[in-house]
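Please treat every number below as a calculation from the coordinates, not as lab data. As the structure is a computational prediction, the values presented were derived from the model and not from experiment. As a convention, Cβ positions derive from the backbone with ideal geometry for all residues, glycine included, and neighbour counts pool all protein chains shown.
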Amino acid sequence: MECLTEPAEVRRWGQLRRCAGSTVGFVPTMGALHDGHLSLVRAARDACDAVVASVFVNPWQFGPGEDYQAYPRDLDADAAHLAEAGIDLLFAPAPEQLTPADATTTVSVGGLAQHLEGPSRPGHFAGVATIVTKLLAVVGPDRAWFGEKDFQQLAVIRRLVADLALGVAVEAGPTVREADGLAMSSRNAYLTGLQRRQALALSAALFAVAEAWDGDADWARDELTRRLTGAPGLALDYAEVCDERTLECLTGHVSGRARALAAVRVGEDHAPTRLIDNVALPARGDG
Ligand code: PAF
């Protein structure tokens, strides 16, 4: 596995692979890798001739007061995991290598980014969209993988790739969960033992609603809200039922494919951990 930090070198690396007829797969990450990330890397490895992963904790997607400084970082451990997973290139730039100090250009995705996570994390999706656009421009992959755990991010990236004609296939990897159902997340590292147990209420509520789902979006949203509002140690941020493709919030009877999505804060101190999760709600047909 090669490791590069300079965008120009990574661009050249990609050009050489593509000129040689290789397909290039890409998995962007912020590091602190877990099995969720590695499942995306394995999918890229199986599908493409050459695989690039990036590790970059993107300062522009964290708001004031969020956990940019505290975000877990261990590049040596990440590099070891990625080498073992068989990637070809690790791209690990510093912020100043990706963005000139006087940069003024950002990518804003619009409507899709303005509900769910949007109001709770102002500027977050512009930060994600801007950095993902840059990473894709540097690496130039044929296909790029993103996890369904960040379902709204996946939809935002699909939108931006289509709108800006970036010419990369956006691939989704399923959420990887701990044995007890908790969605894997780099932020789980913040949880104390008690908070880790309390956080389980999030996936449990989503599974319960998916299990009982009969197409009634109002019931599903209310039931999710009821379960998460009553869960000890959790503060509910949002609970919604949305169209799986457009992420439009749904009411009434739903016949197509939907998603239940929720965000909670765990821990009652001044620095709670914010966790998100979602599950598929299968099409129930009409009537
Ligand atoms: O999902 C993430 O880890 C980040 O949001 C991403 C896509 C790497 C952009 O910084």
Looking at the calculated P(r) for the chain, what percent of the C-alpha pair distances fall above 29 Å?
35
The ³J(HN,Hα) series, computed from each phi in the range 78-91 with the Karplus coefficients 6.51, -1.76 and 1.60 at θ = phi - 60°, rounded to the nearest Hz and given as x for glycine or proline, is 4, 4, 5, 4, 6, 5, 5, 6, x, 6, 9, 9, 9, 9
Quick one: which residues, 5 or more positions from D277 or on another chain, have an amide H under 5 Å from its amide H? H modelled 1.01 Å from N in the peptide plane, none for Pro or chain starts.
A262
Longest principal axis of the chain (C-alpha) makes with the long axis of helix 193-212 (C-alpha) an angle, in degrees to the nearest 10, of 70
Please report the antiparallel percentage of DSSP beta bridges with both residues in the chain, rounded to the nearest 5.
50
In degrees between 0 and 90, to the nearest 10, how far off the longest principal axis of the chain does helix 151-163 point, with axes built from Cα atoms?
50
Which of D150, D78, D102 moves most in a GNM of the chain, Cα contacts under 10 Å?
D102
Calculated from backbone phi, Karplus (6.51, -1.76, 1.60) coupling profile of the range 52-59 in Hz, x at Gly/Pro
10, 10, 10, 10, 8, 7, 7, x
Would you compute, from DSSP H runs of 4+ residues alone, the mean residue ellipticity of the chain at 222 nm, taking -39500 (n - 2.57) per run and dividing by the full residue count, rounded to the nearest 500?
-11500 deg cm²/dmol
Per q in 0.12, 0.13, 0.16, 0.21 1/Å, what log10 I(q)/I(0) does a Debye calculation on the alpha-carbon atoms of the range 77-168 return?
-0.45, -0.52, -0.78, -1.19
For the chain, set up a GNM with springs between Cα atoms under 10 Å and report which of T23, T246, T105 has the largest fluctuation.
T105
Which of G173, V109, G193, positive extreme of dipole for the chain (C-beta unit charges):
V109
Approximate shape of the range 151-287 as ellipsoid semi-axes (Cα gyration tensor, √5λ), whole Å, largest first
26, 21, 13
Report the extension gain between D102 and A8 in nm, rounded to one decimal, defined as 0.36 nm multiplied by the number of residues separating them, less their alpha carbon distance.
32.0 nm
How tilted is helix 217-229 with respect to the longest principal axis of the chain? Cα atoms for both, answer in degrees (0 to 90, nearest 10).
90
Based on other C-beta atoms within 10 Å, arrange S203, S22, S108 from fewest to most.
S108, S22, S203
With only alpha-carbon atoms in the gyration tensor, what are the semi-axes of the equivalent ellipsoid for the range 1-118, in Å, largest first?
25, 18, 16
Which one of Q97, Q198, Q61 has the biggest mean-square fluctuation once the chain is modelled by GNM with Cα springs under 10 Å?
Q97
Exposure proxy order (Cβ contacts within 10 Å, fewest to most) of E211, E223, E178
E211, E178, E223
Tell me the volume per residue, in Å³, of the convex hull enclosing the alpha carbons of the range 38-81.
94
Take the alpha carbon atoms of the range 96-121, find their center, do the same for the range 175-226, and report the distance between the two centers in whole angstrom.
28
Among A208, A271, A44 - extreme Cα towards positive end, dipole of the chain, charges at beta-carbon
A44
So, with +1 on the Cβ of K and R and -1 on the Cβ of D and E, and no other charges, what is the size of the charge dipole of the chain about its Cα centre, to the nearest 20 debye?
260
Could you give the distance between the Cα centres of the range 153-172 and the range 1-54, to the whole Å?
17
